[in-house]
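**Q** Before I ask anything, here is the structure I am working with.
Laboratory data are not the source of any read-out in this text; all were calculated from the coordinates shown. Computed from a predicted structure; not experimentally measured. Cβ sites come from the backbone with ideal geometry, for glycine too, and all protein chains shown count toward neighbours.
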Amino acid sequence: MSTDTQYLTNEKFAELKKELEFLKAEKRKEVAEHLEYAKKLGDLSENAEYHQAREEQGEVEDRIRYVENLLKNAVIATVTAGNLITVGSTVRLEKDGVSDNKSMVYTIVGSEEADTAQGKISNVSPLGSALIGHKEGDKVSVQTPKGTTVYRVAALG
């Protein structure tokens, strides 16, 4: 995992804790049972089921280590009562110079829970990182593959 700070909401933190408990209590046991069954099939050098079970075991252990590290080092994002955009802020943006009155609402979250379909953008994405530190009414330029786009922070909540 990178050394960059990973931000999580309380909800995502709880979701990851639940996933970790499942991986340790149930998934490990399930994989161990698959491994034991595969060993009983004989010749391990040509036993596809055994190799598949070993691969699955490695994936589960890697995920456990990743989630444990993430939970240990994560910073819980909390919305502050300030007027600056931070991780955890929800913002309403309008494209500068566009009069169609369409606005976009995004919540700035850590990269682990970014999901643009749900309006959650990462604090390290081009738009998210450009917004951090700005306030309502500010104009923010974002470099995109199609060029520079300017947004106005219409509301901060």
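**Q** Defining a contact as two alpha carbons under 8 Å apart and six or more residues distant in sequence, what relative contact order in percent does the chain show?
**A** 22
**Q** Excluding same-chain residues fewer than 8 positions from K17, which lysines have a Cα within less than 16 Å of its Cα?
**A** Partners found: K27, K72.
**Q** I would also like to ask the following. Report the semi-axes of the equivalent ellipsoid for the chain in whole Å, largest first, where each axis is √(5λ) for an eigenvalue λ of the Cα gyration tensor.
**A** 45, 17, 12
**Q** Search the structure for amide H atoms under 5 Å from the amide H of S89, placed 1.01 Å from N in the peptide plane, and list their residues when 5 or more places away or on another chain.
**A** I108
**Q** Could you pull out every one of the lysines with an alpha carbon less than 21 Å from that of K139, ignoring same-chain neighbours closer than 8 positions?
**A** Result set, ordered by chain and number: K95, K102, K120.
**Q** In whole Å and largest first, what semi-axes does the C-alpha gyration tensor of region 77-157 yield when each eigenvalue is scaled by 5 and square-rooted?
**A** 19, 15, 11
**Q** Additional query: Quick one: Karplus J couplings for region 59-66, per residue in order, coefficients 6.51, -1.76, 1.60, θ = phi - 60°, nearest Hz, x for Gly and Pro?
**A** 5, 5, 5, 4, 5, 4, 4, 4
**Q** Still on this model: Can you give me the C-alpha center-to-center distance between region 42-71 and region 90-145, rounded to a whole angstrom?
**A** A separation of 39 Å, based on Cα centres.
**Q** Grab the DSSP H runs of the chain that are 4 residues or longer, score each as -39,500 (n - 2.57), total them, divide by all residues and round the 222 nm result to the nearest 500 deg cm²/dmol.
**A** -12000 deg cm²/dmol
**Q** Could you list, bin by bin from short to long, the percent of Cα-Cα pairs of region 7-76 in 10 Å steps?
**A** 20, 38, 23, 13, 5
**Q** Identify the trypsin sites (Lys or Arg not before Pro) of region 54-157 meeting these criteria: DSSP loop state and at most 13 other C-beta atoms within 10 Å of the C-beta. Working shown, then result.
**A** On the way: sites: R54, R63, R65, K72, R92, K95, K102, K120, K135, K139, K146, R152; in loops: K102, K146.
Those that pass, being in a loop and sparsely packed, are K102, K146.
**Q** I would also like to ask the following. Hey, rough spin-label estimate for R92 and T116, points 7 angstrom out along Cα→Cβ, what's it come to in nanometres?
**A** About 2.2 nm, to one decimal.
**Q** What is the magnitude of the charge dipole of the chain about its Cα centre, with +1 placed on the Cβ of each Lys and Arg, -1 on the Cβ of each Asp and Glu, and no other charges, expressed in debye to the nearest 20?
**A** Magnitude of the dipole: close to 720 debye.
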